[in-house]
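For reference, the structure is listed below as structure tokens.
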Amino acid sequence: MSCIFCEIIERKRPAEIVYEDEKVLVFKDINPQAPIHLLIIPKKHITGIQEIKEDDIEIVGYMFFIARKIAEDLGINNYEKGYRLIFNVGKDAGQSIFHLHLHLIAGRKLNWPPG
Ligand code: 5GP
Ligand code: ZN
């Protein structure tokens, strides 16, 4: 089964990688919705929030922890600036890639509610 994000992890597909460790990879979204638009993905292939198991609690929490660390490096982890962290779950919610990914979107005023 081919997966675009697994290909990025395996370096079979190019991406602008901004952070990597043994558990996650973070890279720039190819079609950014804001000046800062990063995707935080687990190296383990999980199709989406739809299939997370109890064993995945740690990796999902870790994805948020890495998001916070990156936001801190970018100077936006505060009450003045800020950022949005999003999981699109299923096609109606806008999920188009079926490898779990957390969007980190920032760098402009974000509307609420989202469309
Ligand atoms: P989703 O719509 O599933 O929540 O988010 C998938 C995201 O992946 C989209 O924002 C889309 O722009 C991004 N994306 C799709 N294909 C690629 C790719 O090959 N490289 C990168 N860097 N981002 C991609
Ligand atoms: Zn995958």
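Values in this text are rule-based calculations from the coordinates and carry no lab data. All of these numbers come straight from a predicted model, not from anything done at the bench. Note that we place each Cβ from the backbone using ideal geometry, even for glycine, and neighbour counts take in every protein chain shown.
Per-structure values
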{"quantity": "Computed E for Lys44/Glu80 - FRET, C-beta separation, R0 35 angstrom, nearest 0.05", "calculated": "0.50"}
{"quantity": "Spatial separation of Cα centroids for region 80-94 and region 33-62, in angstrom", "calculated": "12"}
{"quantity": "Rounded to whole Hz, the Karplus (6.51, -1.76, 1.60) HN-Hα couplings of region 103-110, x for glycine and proline", "calculated": "7, 10, 10, 6, x, 7, 5, 9"}
{"quantity": "Cβ charges +1 (Lys, Arg) and -1 (Asp, Glu), total dipole of the chain, debye", "calculated": "400"}
{"quantity": "Amide hydrogen neighbours beyond the local backbone of Thr47, cut-off 5 Å, H modeled", "calculated": "Leu100"}
{"quantity": "Karplus-derived 3J(HN,Hα), 6.51/-1.76/1.60, for each residue of region 94-102, Hz, glycine and proline x", "calculated": "x, 5, 10, 10, 9, 9, 2, 8, 9"}
{"quantity": "Per-peptide average of other Cβ atoms within 10 Å, ordering 64-76, 86-98 highest first", "calculated": "64-76, 86-98"}
{"quantity": "Trypsin sites (Lys or Arg not before Pro) within region 1-58: DSSP coil, no more than 14 neighbouring Cβ in 10 Å", "calculated": "Arg11, Lys12, Lys23, Lys44, Lys53"}
{"quantity": "Residues in region 1-22 reached by a label modelled at Lys53 [backbone nitrogen below 19 Å; 7 Å Cα→Cβ]", "calculated": "1"}
{"quantity": "Using alpha-carbon coordinates, inclination of helix 57-73 to the longest axis of the chain, degrees", "calculated": "40"}
{"quantity": "Net charge of Cβ neighbours under 9 Å - reference Pro42; Lys, Arg +1; Asp, Glu -1", "calculated": "+2"}
{"quantity": "Two-site FRET efficiency, Phe65 against Ile17, from Cβ-Cβ distance with R₀ of 25 Å, rounded to 0.05", "calculated": "0.85"}
{"quantity": "Karplus-derived 3J(HN,Hα), 6.51/-1.76/1.60, for each residue of region 25-40, Hz, glycine and proline x", "calculated": "10, 10, 8, 6, 5, 5, 10, x, 9, 6, x, 10, 8, 10, 10, 10"}
{"quantity": "Under 22 Å from the Cα of Lys28 - lysines, other chains or at least 8 residues apart", "calculated": "Lys12, Lys43, Lys44, Lys69, Lys81, Lys91, Lys109"}
{"quantity": "Cα-Cα P(r), the chain, percent of pairs per 5 Å interval", "calculated": "2, 11, 22, 25, 21, 13, 5, 1, 0"}
{"quantity": "Residues whose placed amide H lies under 5 Å from that of Val18, excluding near-sequence neighbours", "calculated": "Val26, Phe27, Lys28"}
